[in-house]
Amino acid sequence: MARVHLPSMLRTYVDGEKEIDVDGATLRNVLDTLRERSPALERRLRDEAGTLRRYVNFYIDGDECRTLDGLDTPLTAGTELMIIPSVAGG
């Protein structure tokens, strides 16, 4: 089971929850479960093809998933997953 940490800007899609425990053997499995719980959150994390949105970072135990195996990064019990959308402005 992975513990998913959500920033305040995404918590509105999961009833204000700061952290969610989600079962899944890979990042893809965890995101699929989150999609079932909150389709609106899914649209913020992955595009229509299921690819990770480039402006959202997914840190698995401190490492950005794109430096690992991306969506196929394996997760173990106690994995910490931090989802951090990039913030842009002028």
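The set of residues in region 54-90 being assigned to a loop (DSSP other than H, G, I, E, B), at pLDDT 95 or above and in contact with a strand residue (DSSP E or B) (Cβ under 7 Å, 6 or more places away or on another chain) consists of 61, 68, 73, 75, 79. Looking across region 1-46, the residues that are in contact (Cβ under 8 Å) with a residue 12 or more places away in the chain, outside any loop (DSSP other than H, G, I, E, B) and hydroxyl-bearing (Ser, Thr, Tyr) come down to 13, 26.
Scanning region 64-85 for residues that are of a type outside the set (Val, Ile, Thr) and within 13 Å of the chain's Cα centre (by Cα) yields 64, 65, 66, 70, 71, 72, 75, 80, 81, 82, 85.
Scanning region 65-81 for residues that are under 14 Å from residue 28 (Cα atoms) and either touching a Cys at 6+ places or on another chain (Cβ under 6 Å) or surrounded by fewer than 13 Cβ atoms within 10 Å (Cβ to Cβ) (or both) yields 72, 73, 76.
When region 41-63 is examined, which residues are found to be closer than 18 Å to residue 24 by Cβ, acidic (Asp, Glu) and either surrounded by fewer than 17 Cβ atoms within 10 Å (Cβ to Cβ) or over 12 Å from the mean Cα position of the chain (by Cα) (or both)? Selection gives 61, 63.
The values are calculated or read from the model by the stated rules, or taken from the named source; none is laboratory data. Predicted model, so just to flag it, every value in this text is computed and none were measured. In this analysis, Cβ positions are derived from the backbone assuming ideal geometry, glycine residues included, and neighbour counts consider all displayed protein chains.
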